[in-house]
Amino acid sequence: MDIQSAEKRVREIRDRINYHNHRYYVLDSPEVSDAEYDGLMRQLVQIEEDFPHLVTDDSPTQRVGAPVLGKFEIVTHTLPMLSLANVTTEAEFIEFDERVKRMLMASDEIQYIGEPKMDGLAVELVYTDGRFTLGSTRGDGYSGENITLNLRTIKTVPLTLIAGDRFPIPPLLEVRAEVYMGLDEFRKLNKNRDEEGEPAFANPRNAAAGSIRQLDSSITATRPLSLACYGVGSVQGIAFSTHREILEALETWGFKINREIEVLEGARSVVDYHRRIQGRRDDLSFEIDGVVIKVNDLSLQERLGSTSRAPRWAAAFKFAPRQAQTRIRHIDVSVGRTGVLTPTAHLEPVQISGVTVSRASLHNQDEIDRKDIREGDRVIVERSGDVIPYVVGVLTDKRDGSERPFHIPDRCPVCRQQVIRTQGEVAFRCINAVCPAKLKEAVFHFASKRAMDIDGLGEKLIDRIVDDGLVKDFADIYTIPEETWARLERMAEKSARNIMDAVDRSRTVELSRFVNALGIRLVGEHLAQLLADRYETIDDLMGATEDELMTVDEIGPTVAKSVFAFFSDDKNRRVIDRLRNEITIIGRQRPAHRPLSGTSFVITGTLSYMSRDGARDAIKRLGGKTASSVSAKTDYLVVGTDPGSKLDKARSLGVKTLSEGEFLRIIGET
Ligand code: IVH
């Protein structure tokens, strides 16, 4: 390729990557498969390697891989990033509205815009001629820290803007936004950190703030952050007349705007909006602590002006806090599958926004020491979303001297063996390979729905079979005779038969489920699937070297080490060998046979020929994807008997539907 055609090609590929990125991350509506997207990325990397002078800061290849900084530079905001006045009750909001009307001498209702108040960290992004050039934290409102490299790693941050007919690209644009972490992403991140022995983040806000202020942007890149835009600073070359218009322009240029934003006529509608969003607070996929209400008309905003702290045309209309005071009765310690000892505070039960809270995770000893948490302490507890409640802090002035400091025991509470703390880790672990607590957790995971799916093998029964010494490893589950099941406490003949049937049904299993079931450290359902996609049989996977494992997409050195160590362990190999005498592991089909690649399915209603999980497995085996809800991305809705509302949704979106018969033909079952 000559230089000129390379330049042209680079431009084309970048445009396409930016376009698909926007479809995927901002609009949630991809048009191409991941493989196609990766293909484009690889082509771009190759050309940039061949012609290094073509690499620019805003190339999609440059989201990650920047040098590590010594410290952040200070950036002065051209317009200060103000804070917001708070109102906490409906009456206070009515007062706010009346003040606005008074100041404007308005007799009509004011038109407002309501936006969720995202609970994250405020940032500013500067775009010069449509290119992302500078990003900073809010700091004290006047100057913040230069976090450009970190913001660049967030996929919802456009590196170049998209021009629209109504909104051409301005020569200068400052965007105001919140960096936040979704609840699912937050839970997953913490789970991994717990397993790694790293301290968990107390809440999504702390996780977002800690992730965006990393001097090494490659760490930020591994954190699932998002950006929600809610305003602008300085803008050149465009005059807006309403806040709504600003949001529309931002959306056109490629920014993610919250779907819950609404135009509201008058104070009554605002109060109604506040109630509605508060009522749905637990259903949202991100954490909010209120709604932000803004006067929509920019000329009115200007007339109202600002104080040195906050604009007079906006208010943060907060929700009832999800905190309460209570007392820690005692602290106990549980042992997880990987042997990590996790302390839990048992609380005097307390209601927090409609939910009774009686336990809170204390995460680890460092957390306990840092907050000086003692048994008997009065504490403030907070819950967010459906994340496990946590202790915000101790009310030390309420102490009467009877409180007892807490230390994780130096022996495992279950097997009484010595626990250890590896250097550099905050977690204490029980390293006894045959600790019953670890075994119970491991069996529980092995039998769970997304793993071997042994229906009925729950916590209580697992306690029994482990305590009775019937199960010392996974393979033992398959050799317990029916009379033994029946003999177990409270087990009627019928339920013994049921559990035997469930065990038998699990004797044929997909490789991906089997790998997930093994409970390899750091390998959950997703990575298990990737490994199963790559390796045809369990033997191939067991024979893989660390270097080879690292060539699997998304698998880095830490996971590769963990997988390799797992399969190198003699004890693990023996268990797998024994398991293989009992079960059949179905490896992947030949790579050519992935006819459903890039196709997305949703299932509704009851299928008569196979279970839903069975149908999902079949789709995945043939390269397709499954989702739990219908969206514009769905290609087919498979309709069983008694379909739910998904069918209406599919019809309204024009998604194709398949009868069970049609579906079976597609997957080759008839
Ligand atoms: S507007 C001049 N809108 O709340 C107006 N702020 O207490 C300034 N925030 O620092 C902010 N969601 O971090 C605005 N939809 C939203 C917001 C929002 C979250 C945060 C932002 C700001 C803080 C003000």
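Would you list the strands (runs of 3 or more DSSP E) that sit entirely within region 620-661 and hold 2 or more residues that are more than 28 Å from VAL26 (Cα to Cα)?
Fully inside region 620-661 and qualifying: 656-659.
If the Cβ limit is 8 Å and pairs must be 6+ apart or interchain, which residue in region 235-249 that is within 19 Å of ALA314 (Cβ to Cβ) pairs with which residue that is outside any strand (DSSP E or B) and aromatic (Phe, Trp, Tyr)?
Filtered contacts from region 235-249: ILE246/PHE240; GLU248/PHE167; ALA249/PHE167; ALA249/PHE240.
Being under 25 Å from the mean Cα position of the chain (by Cα), within 16 Å of the ligand (Cβ to nearest atom) and in contact (Cβ under 8 Å) with a residue 24 or more places away in the chain, is that true of even one residue in region 184-201?
Taking every residue of region 184-201 in turn, none turns out to be under 25 Å from the mean Cα position of the chain (by Cα), within 16 Å of the ligand (Cβ to nearest atom) and in contact (Cβ under 8 Å) with a residue 24 or more places away in the chain.
Quick one: is ASP28 away from the ligand (no atom under 16 Å from the Cβ), within 30 Å of ARG275 (Cα to Cα), within 27 Å of the chain's Cα centre (by Cα) and in a loop (DSSP other than H, G, I, E, B)? Talk me through it step by step, then tell me what you get.
Values: away from the ligand (no atom under 16 Å from the Cβ): yes; within 30 Å of ARG275 (Cα to Cα): yes; within 27 Å of the chain's Cα centre (by Cα): yes; in a loop (DSSP other than H, G, I, E, B): yes.
For ASP28, the condition - away from the ligand (no atom under 16 Å from the Cβ), within 30 Å of ARG275 (Cα to Cα), within 27 Å of the chain's Cα centre (by Cα) and in a loop (DSSP other than H, G, I, E, B) - is met.
Do we have any residue at all in region 443-456 that's more than 14 Å from GLY336 (Cβ to Cβ), loosely packed, with under 12 Cβ neighbours inside 10 Å, free of Cβ contacts under 8 Å to residues at least 40 places away in the same chain and of a type outside the set (A, V, I, L, M)?
Checking region 443-456: not a single residue is more than 14 Å from GLY336 (Cβ to Cβ), loosely packed, with under 12 Cβ neighbours inside 10 Å, free of Cβ contacts under 8 Å to residues at least 40 places away in the same chain and of a type outside the set (A, V, I, L, M).
Mind checking which residues of region 164-184 are among the charged types (D, E, K, R) and touching a strand residue (DSSP E or B) at 6+ places or on another chain (Cβ under 7 Å)? Steps first, answer last, please.
Applying the first criterion (among the charged types (D, E, K, R)) to region 164-184 yields 165-166, 174, 176, 178, 184.
Hits for region 164-184 are GLU174, ARG176, GLU178.
Name the residue, out of GLU178, GLU195, that is buried (at least 16 other Cβ atoms within 10 Å of the Cβ) and modelled with pLDDT of 95 or more. Steps first, please.
Numbers: GLU195 fails: modelled with pLDDT of 95 or more.
Every option except GLU178 fails the conditions.
Applying the selection to region 73-85, what residues are in a loop (DSSP other than H, G, I, E, B) and either surrounded by 14 or more Cβ atoms within 10 Å (Cβ to Cβ) or within 13 Å of the ligand (Cβ to nearest atom) (or both)?
HIS77, LEU79, PRO80, MET81, LEU82, SER83, LEU84
Could you tell me whether GLU92 is part of a helix (DSSP H, G or I) and either charged (D, E, K, R) or surrounded by 19 or more Cβ atoms within 10 Å (Cβ to Cβ) (or both)?
Values: part of a helix (DSSP H, G or I): yes; either charged (D, E, K, R) or surrounded by 19 or more Cβ atoms within 10 Å (Cβ to Cβ) (or both): yes.
Yes, satisfied.
Could you tell me which of the residues ASP533, ASP539, ASP553, ASP569 is within 19 Å of ALA442 (Cα to Cα) and modelled with pLDDT under 95?
None of the other options fit; the residue is ASP569.
On the phi < 0 side of the Ramachandran plot, in contact (Cβ under 8 Å) with a residue 12 or more places away in the chain and either assigned to a strand (DSSP E or B) or touching a strand residue (DSSP E or B) at 6+ places or on another chain (Cβ under 7 Å) (or both): does that describe ALA315?
The answer is yes for ALA315.
Select from region 348-357 the residues that are hydrophobic (A, V, I, L, M, F, W, C) and farther than 30 Å from GLU425 by Cα and write down the one among them that is surrounded by the most Cβ atoms within 10 Å (Cβ to Cβ). Write out each step before concluding.
Of all residues in region 348-357, those hydrophobic (A, V, I, L, M, F, W, C) come to 350, 352, 355, 357.
Narrowing further to those that are farther than 30 Å from GLU425 by Cα: 350, 352, 355.
Numbers: VAL350: 16, ILE352: 18, VAL355: 12.
Residue satisfying both the conditions and the ranking: ILE352.
Which of the following residues is touching a helix residue (DSSP H, G or I) at 6+ places or on another chain (Cβ under 6 Å), acidic (Asp, Glu) and within 14 Å of the ligand (Cβ to nearest atom): ASP140, ASP97, ASP119? Outline the logic, then answer.
Numbers: ASP140 fails: touching a helix residue (DSSP H, G or I) at 6+ places or on another chain (Cβ under 6 Å); ASP97 fails: within 14 Å of the ligand (Cβ to nearest atom).
On inspection, the qualifying residue turns out to be ASP119.
Can you tell me which condition LEU341 does not meet? The list is (1) surrounded by fewer than 22 Cβ atoms within 10 Å (Cβ to Cβ); (2) more than 16 Å from the ligand (Cβ to nearest atom), and all the others hold.
Failing condition for LEU341: (1).
Would you check which residues across region 607-616 are in contact with a helix residue (DSSP H, G or I) (Cβ under 8 Å, 6 or more places away or on another chain) and either part of a helix (DSSP H, G or I) or crowded, with 18+ Cβ neighbours inside 10 Å (or both) and list them? Step through it out loud before you land on a result.
The first filter runs over region 607-616 and keeps only residues in contact with a helix residue (DSSP H, G or I) (Cβ under 8 Å, 6 or more places away or on another chain), leaving 607-610, 615.
Matches in region 607-616: LEU607, ALA615.
Hey, among the residues in region 101-116 that are of a type in the set (Asp, Glu) and in contact with a strand residue (DSSP E or B) (Cβ under 9 Å, 6 or more places away or on another chain), which one's nearest to the ligand (Cβ to nearest atom)?
The qualifying residue nearest to the ligand (Cβ to nearest atom) is GLU115.
Output the qualifying pairs, or none if there are none: Cβ atoms under 6 angstrom, residues six or more apart or on different chains, first residue in region 282-293 and on the phi > 0 side of the Ramachandran plot, second residue near the ligand (Cβ under 9 Å from one of its atoms).
So the pair list comes out as GLY290/LYS117; GLY290/ALA316.
Tally time: how many residues in region 358-398 are more than 24 Å from CYS430 (Cα to Cα), of a type in the set (A, V, I, L, M) and crowded, with 17+ Cβ neighbours inside 10 Å?
Summing the residues that are more than 24 Å from CYS430 (Cα to Cα), of a type in the set (A, V, I, L, M) and crowded, with 17+ Cβ neighbours inside 10 Å in region 358-398 gives 5.
In this structure, is VAL355 modelled with pLDDT under 95, of a type in the set (Val, Ile, Thr) and more than 15 Å from the ligand (Cβ to nearest atom)?
It is true that VAL355 is modelled with pLDDT under 95, of a type in the set (Val, Ile, Thr) and more than 15 Å from the ligand (Cβ to nearest atom).
Is at least one residue of region 86-93 farther than 19 Å from THR307 by Cα and either touching a residue at least 24 places away in the same chain (Cβ under 8 Å) or within 10 Å of the ligand (Cβ to nearest atom) (or both)?
Yes, region 86-93 contains a residue that is farther than 19 Å from THR307 by Cα and either touching a residue at least 24 places away in the same chain (Cβ under 8 Å) or within 10 Å of the ligand (Cβ to nearest atom) (or both).
Conditions: (1) of a type outside the set (Asp, Glu); (2) farther than 24 Å from THR222 by Cβ; (3) modelled with pLDDT under 90. PRO67 meets all but one. Number of the miss?
Looking at each condition in turn, PRO67 falls short on (2).
GLY598: buried (at least 19 other Cβ atoms within 10 Å of the Cβ) and out of contact with any Pro (no Cβ under 6 Å at 6 or more places or on another chain), yes or no?
no
Yes or no: LYS472 surrounded by fewer than 16 Cβ atoms within 10 Å (Cβ to Cβ) and within 32 Å of the chain's Cα centre (by Cα)?
Judged against the criteria, LYS472 is not a match.
The values are calculated or read from the model by the stated rules, or taken from the named source; none is laboratory data. Bear in mind the structure is a predicted one, so any value in this text is a computation, not a measurement. Cβ coordinates were reconstructed from backbone atoms using ideal geometry, including for glycine residues, and neighbour counts include every protein chain displayed.
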